[in-house]
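Notes for the one structure printed next.
The values are calculated or read from the model by the stated rules, or taken from the named source; none is laboratory data. Computed from a predicted model, the values in this text were never measured in an experiment. Counting neighbours? That spans all protein chains shown, and the Cβs are built from the backbone with ideal geometry, glycine included. All accessible areas refer to the heavy atoms of the entire protein, side chains included, with ligands and DNA or RNA removed. Shrake-Rupley method; radii C 1.70, N 1.55, O 1.52, S 1.80 Å.
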Amino acid sequence: MPSPREDCLFCRLVADGDHVAAADGFVAIRDINPLAETHLLVLPERHVDTFRDIDAFPDEEAGRMLRFVSEAAEQAGLENYRVLVNVGAGAGQTVLHLHWHILGGRPDAGRIASALAAEGAA
Ligand code: 5GP
Ligand code: ZN
């Protein structure tokens, strides 16, 4: 596993954040600014800037990451939820460490709409 980036917020939260679920190579944390009743972030331990760089994950690890997204949602008691990845600043990505949003329960529709309306998304 490549070493964490010292200047990366999510590398730090992988190392010492408040994990609600964890598995080999992945953790889930609560979003600090939730867009829905339950808003989790799944973070891979491996630092990869964006989903565009998914090729950096061996196939087996990419598969386990998807399964962990599903497990983290299940462990949070969610049956119905959304999974979202913002790819690039123009699409609203503010932290350059690949992460999966899990949004469950009552959404904050206004905030989701404005988050999705990130200027320059193309
Ligand atoms: P993005 O906009 O990059 O797709 O998502 C980044 C997410 O990280 C945002 O939803 C934001 O609320 C969340 N976030 C930013 N800083 C922190 C933090 O220090 N702790 C946690 N738990 N979430 C954070
Ligand atoms: Zn990182």
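Is it fair to say Ala113 is aliphatic (A, V, I, L, M), open to solvent by 30 Å² or more (accessible area, probe 1.4 Å) and more than 16 Å from the chain's Cα centre (by Cα)? If you could, list the steps in order and put the result at the bottom.
Working: aliphatic (A, V, I, L, M): yes; open to solvent by 30 Å² or more (accessible area, probe 1.4 Å): yes; more than 16 Å from the chain's Cα centre (by Cα): yes.
Yes; evaluated as a whole, the condition is true for this residue.
Looking at segment 16-30, is at least one residue of a type in the set (D, E, K, R) and more than 19 Å from Glu71 (Cα to Cα)? Walk me through how you get there before you give the answer.
First pass over segment 16-30, keeping only residues of a type in the set (D, E, K, R): 16, 18, 24, 30.
Among the residues that remain, those that are also more than 19 Å from Glu71 (Cα to Cα) are: 16.
Yes, segment 16-30 has at least one match.
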Exactly one condition in (1) open to solvent by 20 Å² or more (accessible area, probe 1.4 Å); (2) among the hydroxyl-bearing types (Ser, Thr, Tyr); (3) within 16 Å of ligand 2 (Cβ to nearest atom) is not met by Thr50; state its number.
-> (1)
Test Ala36 against the criterion of being loosely packed, with under 15 Cβ neighbours inside 10 Å and within 12 Å of ligand 1 (Cβ to nearest atom), and give yes or no.
-> no
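Answer yes or no: is there a residue in segment 58-77 that is within 13 Å of ligand 1 (Cβ to nearest atom) and within 22 Å of Ile112 (Cβ to Cβ).
Of segment 58-77, the ones within 13 Å of ligand 1 (Cβ to nearest atom) are none.
No: zero hits.
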Please determine, by comparing only the residues of segment 89-110 that are more than 15 Å from Leu40 (Cα to Cα) and either away from ligand 2 (no atom under 16 Å from the Cβ) or of a type in the set (A, V, I, L, M, F, W, C) (or both), which one is nearest to the chain's Cα centre (by Cα).
-> Leu96
Check on Asp16, more than 16 Å from ligand 1 (Cβ to nearest atom) and more than 12 Å from the chain's Cα centre (by Cα) | no
Does segment 82-96 contain any residue that is open to solvent by 70 Å² or more (accessible area, probe 1.4 Å), of a type in the set (Val, Ile, Thr) and within 18 Å of Gly17 (Cβ to Cβ)?
-> yes
Within segment 14-25, how many residues turn out to be within 10 Å of ligand 2 (Cβ to nearest atom) and open to solvent by 90 Å² or more (accessible area, probe 1.4 Å)?
-> 0
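Residues are listed down the side, and each one gets a yes or a no for (1) at pLDDT 95 or above; (2) within 15 Å of ligand 2 (Cβ to nearest atom); (3) part of a helix (DSSP H, G or I):
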position	(1), (2), (3)
Arg12	yes, yes, yes
Val27	yes, yes, no
Glu60	yes, no, yes
Arg67	yes, no, yes
